[in-house]
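Structure, as structure tokens:
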Amino acid sequence: MSRRVLAGVAIGVVGLWMVSVPAVRAEVKLPKVFGSHMVLQQQRPVIVWGWADPGEEVTVALDQNTAKAKADAQGDWKVTLPALNADGKVRCLTVSGTNKIELTDILVGEVWVGSGQSNMEWPVAATIKAQEVIAAANHPQIRLFQVPKVQTKEPAKDVQAEWKVCTPQSVPGFSGVLYFFGLKLHQELNVPVGLINSSWGGSPIEAWICTSKPSGGMHNGMIAPVKPVGIRGAIWYQGESNLGQGLKYFEKMKALIEGWRGIWGYEFPFYFVQLAPFGSYVATPMGPLWEAQAASLKIPGTGMAVTTDLVDNIKDIHPKNKLDVGNRLALWALAKTYGKAGIVYSGPLYKSMAVEGNKVRLSFAHVGSGLKSRDGKPLSDFEIAGADGKFVPAEAAVDGASIVVQSKEVAEPKQVRFGWSNTANPNLINAEGLPASPFQTKDWQGGTGE
């Protein structure tokens, strides 16, 4: 047989093979934030999305509810199922296309995102009484989702993570603040709780903002892939890496909160932690950042947990007591998000001052059942100044719902400040045990969150 004939036969065989083999089809896929053991946010439409071949029809079923969609030209698809209530029922979610995905052990309840830098990332295993906490962490209705540390230039579509049931084995490396926050909600609300931890030690706020151009790399790699999964809200513990920016931090908090709410499409609550005093910031005063954090309370739907009393080592930027931090954030959520009556959810926050002769009367929000000293000693860390602006230590005393401040050295007082030092250990609290936030009265920008 000639070479030409042989070549023709070969071409014919190849052509026949190319025609007869069916095209390879992509499997229907879900993002990792959808998985067995997950918690779906109650009382919000259930948005499910994923990928398939362009034009492929996908069916999603959750209990008796089903929805269909066709993948677009890029292979993206999305469906919306009716909202559900937290009823304790274990559910199954099925996604069908050329293949079938079945997710099991799904609960409906409350879902919260926790983000920020190292104090949010700080694991349960490194908190006070860690061994006791871990041993008691058998909570089958609390589910944990740990987002890995990834930065991307563009918003990522997925993350390499999975939902885990809360057990002594799964909780040690999880965020302490977010875990204690979620545990408190679970105990008080008696519903399943899903917790998404997306935090990175040392990260500046800019890395998490999606209104910046370009978007922050941590937002792109660690927040974008989990939206628009339904959440109730977010908690935030960050600021150490932005300390020198002072009041500019307020504008960045506003951009962060409004940006996240924008990509989710609704105004969810956003509760944050005011940094504790830290003595190793030698050249940078913490006061302006504290004021910026207090100013962030002017943003609707926010709340602030004060931590001035939780310092166990003034030279350590990481207070180990994450239990009280999480619980204080949960107080805001229980009162403001879930409408629980009778909860004092904040310590005293400065409102106004009035000069009365050689004294200054200070008024506060969140007085609770009354003002008092945390340790039974005279109120500490108050300072007073006259027109020259030179501050001297002041005597301070509770007078009803206000504090009266004075000093023999200042006959005509003009301003007061409280806890306004990187090494302060102020003892003003309300009767419910929640500490007062640091403040200074001159041109004060702080809000009260009322």
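In the chain, the portion of solvent-accessible area held by carbon and sulfur atoms comes to 52 percent [1.4 Å probe, whole percent, DNA, RNA and ligands not counted].
Straight-distance candidates among the lysines for linking to Lys157, with alpha-carbon spacing under 27 Å and chain neighbours fewer than 8 residues away dropped: Lys29, Lys32, Lys68, Lys70, Lys78, Lys100, Lys149, Lys213, Lys227, Lys252, Lys254. Comparing Val58, Val325, Phe181 along the charge dipole axis of the chain, the residue lying farthest to the positive side is Val58, per the Cβ-charge model. Residues whose amide H falls under 5 Å from that of Lys340, counting only those 5 or more places apart or on a different chain, are Ala335, with hydrogens built in the peptide plane. For Trp260, the solvent-accessible surface with a 1.4 Å probe is about 0 Å², rounded to the nearest 10.
The long axis of helix 248-264 is offset from the longest Cα principal axis of the chain by roughly 30 degrees. Of the Cα atoms belonging to region 39-133, the radius of gyration and Dmax stand at 17.9, 55 Å. Annotation: per residue accessible area for the chain equals 43 Å², rounded to a whole number [probe 1.4 Å, protein chains only].
Where both residues lie in the chain, what percent of DSSP beta bridges are antiparallel, nearest 5? Taking every DSSP beta bridge within the chain, about 65 percent pair in antiparallel fashion.
For the chain, taking Cα atoms only, Rg and Dmax work out to 27.2, 119 Å respectively.
Check the straight Cα-Cα distances from Lys377 and name the aspartates and glutamates below 15 Å, setting aside those fewer than 8 residues away within the same chain. List returned: Asp309, Glu395.
Taking a straight line from the alpha carbon of Lys390, these lysines sit under 18 Å away, with near neighbours fewer than eight places off in the same chain left out: Lys359, Lys408, Lys414, Lys442. Rounded to the nearest 10 degrees, the angle from helix 3-20 to the longest Cα principal axis of the chain is 50 degrees. Candidates Gly35, Ile343, Cys210 compared by Cα position along the dipole of the chain: farthest toward the positive end lies Gly35, with charges placed on Cβ.
The values are calculated or read from the model by the stated rules, or taken from the named source; none is laboratory data. Since we're looking at a predicted model, the values are computed, not measured. Virtual Cβ from ideal backbone geometry, glycine too; neighbours counted across all protein chains shown. For the accessible areas, the whole protein counts, side chains as well, though only heavy atoms, and no ligand, DNA or RNA atoms are used. Shrake-Rupley method; radii C 1.70, N 1.55, O 1.52, S 1.80 Å.
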